[in-house]
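Step one of this worksheet: look at the structure below.
The values are calculated or read from the model by the stated rules, or taken from the named source; none is laboratory data. Quick caveat, the model's predicted, so the values are computed rather than measured. Using ideal geometry, Cβ is built from the backbone for each residue, glycine included, and neighbour counts are taken over all protein chains shown.
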């Protein structure tokens, strides 16, 4: 096989690989967006229920402002 044909074949193979990768990643992104929409709906349902129960989420957020994130607190516990 000549070098030119071999280069063309390799280039076509690489193009196919990247096109296939993009198609797969596009489908993965669509699925991720679908999952995020479901999570957002569930969060909104919980917010609505908490408001209905008289919980002031704005006040709760103000109290937590300035406190360390829970991830920091958990990592300290692991270190003990």
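Quick look at the values:
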| item | result |
| --- | --- |
| Qualifying residue in segment 31-47 (condition: in contact with a helix residue (DSSP H, G or I) (Cβ under 9 Å, 6 or more places away or on another chain) and free of Cβ contacts under 8 Å to residues at least 24 places away in the same chain) | yes |
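Residues checked against (1) surrounded by 10 or more Cβ atoms within 10 Å (Cβ to Cβ); (2) under 18 Å from the mean Cα position of the chain (by Cα); (3) at pLDDT 95 or above:
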residue: 5; (1), (2), (3): no, no, no
residue: 11; (1), (2), (3): yes, no, no
residue: 25; (1), (2), (3): yes, yes, yes
residue: 45; (1), (2), (3): yes, no, yes
residue: 50; (1), (2), (3): yes, no, no
residue: 62; (1), (2), (3): yes, no, no
residue: 67; (1), (2), (3): no, no, no
